[in-house]
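Step one of this worksheet: look at the structure below.
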Amino acid sequence: MTLRFALLGAGRIGKTHAQAIHNNPDATLAVVTDAMPAAAEAIAVQYGAEIRDMEAIAAADDIDAVVICTPTNTHADLIELFARAGKAIFCEKPIDLSLDRVKACLAVVDETNATLMIGFNRRFDPHFMGARAAIDDGQIGDVEQVVISSRDPGLPPYEYVTVSGGIFRDMTIHDFDMARFMLGEEIETVQAAASVLVDPKMGELGDYDTVSVILTTATGKQAMINNSRRATYGYDQRVEVHGSKGAVTAMNEHPVQVEVASADGYNRAPLHDFFMTRYVAAYAAEIAAFVASVKDGQATHPAGRDGMIALALADAANISVDESRVVNMSEILT
């Protein structure tokens, strides 16, 4: 069985998923739609797909699954539409910026018994998967601490900041999911600090550009996240997991693994410059995992609940900053 996909949204991330679908032998990109006709047409021509509107895709018998790459404020509505239409759904994070809206959306997913996977692509990065495998194999013993460094080379556009939901919901949300992935336990408390150190305009827009978070589980395991919107040396993505018997570290990736040694010291190629190049393998692997889950009738991971919890952690971090206190997740997820 070849899974027939409709791509909803033909922007930057849509193009990435289109390529991943095209390269997967068990999938085909059959249909594409976008509010910008030229964007949809470019992908349709490249991959031999048709162009249809949302309603036609929902009603179509020749579409098995959809990939939602549209703006965040459309995600929940589209998940509900295609859940009721009986399509398998892959949706970019977040489901919505409102936790209540997410809960309502997931209720529809449950009622319709729909298949839903959320695009936390970093779980599928080969380096982070290797760290998780070392944990599962018992190589570092019991996990005690996780340290996540996630720093962007530069600020997003101001126009995007105003609709992003803020740094915790837009950027740190990936790290919240990664913390849960590595800890293997649910988070009980959240303590966050946030500053404007890169650009005063971020503060004027009601956001931050530099944040740190401490997460603690019921058994006392800890995760520490540090984010910055300014890494002058490239896209900084590292995870260290410390355990009772040792530690495992997923280091930064360089597009060219060359190191030159001379009398002046050691010089290496620069880091990737952003997520679109750093996580190419992860994007392909998550689509492959989604295809395999749908074909085999297996549960998808990360699922809707993972998206809900990551957003709840972001909400808790915002409360922690606003009220200068530790937030218990029982206050958020009631």
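Just so you know, all these numbers are worked out from the coordinates, no wet-lab data involved. Predicted model, so just to flag it, every value in this text is computed and none were measured. Cβ placement follows ideal geometry from the backbone for every residue including glycine, while neighbour counts extend to all protein chains displayed.
Assorted remarks:
- Of all the options ALA44, ALA263, ALA56, the one that moves most in a Gaussian network model of the chain with Cα springs shorter than 10 angstrom is ALA263.
- Of the trypsin sites (Lys or Arg not before Pro) found in region 230-323, the ones in coil according to DSSP and having at most 10 other Cβ atoms within 10 Å of their Cβ are LYS245.
- Sorting HIS242, HIS75 from the fewest to the most surrounding beta carbons within 10 angstrom yields HIS242, HIS75.
- The dipole here belongs to region 3-114: it is taken about the Cα centre, uses +1 on the Cβ of Lys and Arg and -1 on the Cβ of Asp and Glu, and is about 320 debye.
- Excluding exposed DSSP-loop chymotrypsin sites (Phe, Trp or Tyr not before Pro) (at most 14 other C-beta within 10 Å), longest clean stretch of the chain: 1-232
- Inverse mean reciprocal Cα-Cα distance (Kirkwood Rh) of region 3-114, Å: 13.9
- Prolate/oblate/rounded label for region 107-215 (Cα gyration tensor, a/c 1.5): oblate
- Positive-end extreme of charge dipole, the chain - chosen from ALA247, GLY86, HIS22 (charges on Cβ): ALA247
- Percent RCO, i.e. relative contact order, over region 263-334, from Cα pairs under 8 Å lying at least 6 residues apart: 16
- In terms of other Cβ atoms within 10 Å, LEU271, LEU197 run from fewest to most in the order LEU197, LEU271.
- Over 29 Å (Cα to Cα) - which of LYS245/LYS295; LYS103/LYS295; LYS93/LYS201; LYS15/LYS87; LYS221/LYS295 fall in this group: LYS245/LYS295; LYS221/LYS295
- Counting neighbouring beta carbons within 10 Å and listing from fewest to most, the residues HIS301, HIS174, HIS17 come out as HIS301, HIS174, HIS17.
- Of the residues THR172, ASN73, SER212, the one whose Cα sits farthest toward the positive end of the charge dipole of region 66-219, with +1 on the Cβ of Lys and Arg and -1 on the Cβ of Asp and Glu, is ASN73.
- Gap separating the Cα centres of region 188-220 and region 129-177, nearest whole Å: 13
- Within the chain, antiparallel bridges make up roughly 55 percent of the DSSP beta bridges whose residues both belong there.
- Simple spin-label estimate for VAL326 and GLU55 gives 5.4 nm between the two label positions (7 Å along the Cα-to-Cβ direction from each Cα).
- Region 190-334: C-alpha gyration tensor shape, a/c 1.5 cut-off, then a/b vs b/c: oblate
- Taking Lys and Arg as +1 and Asp and Glu as -1, the other residues whose beta-carbon sits under 9 Å from that of ARG278 total -3.
- Between THR162 and PHE274, full extension at 0.36 nm per residue minus the direct alpha carbon distance yields a gain of 38.2 nm.
- Prolate/oblate/rounded call for region 169-262, Cα gyration tensor, a/c under 1.5 rounded: oblate
- Averaging the sequence gap over all C-alpha pairs within less than 8 Å and six or more residues apart, then dividing by the number of residues, gives the chain a relative contact order of 19 percent.
- Normalising the average separation of contacting C-alpha pairs (under 8 angstrom, six or more residues apart) by the number of residues puts the relative contact order of region 23-159 at 15 percent.
- The Cα center of region 58-128 and the Cα center of region 280-323 differ in position by 10 Å.
- Rounded to the nearest 20 debye, dipole of the chain from Cβ charges on Lys, Arg, Asp, Glu: 440
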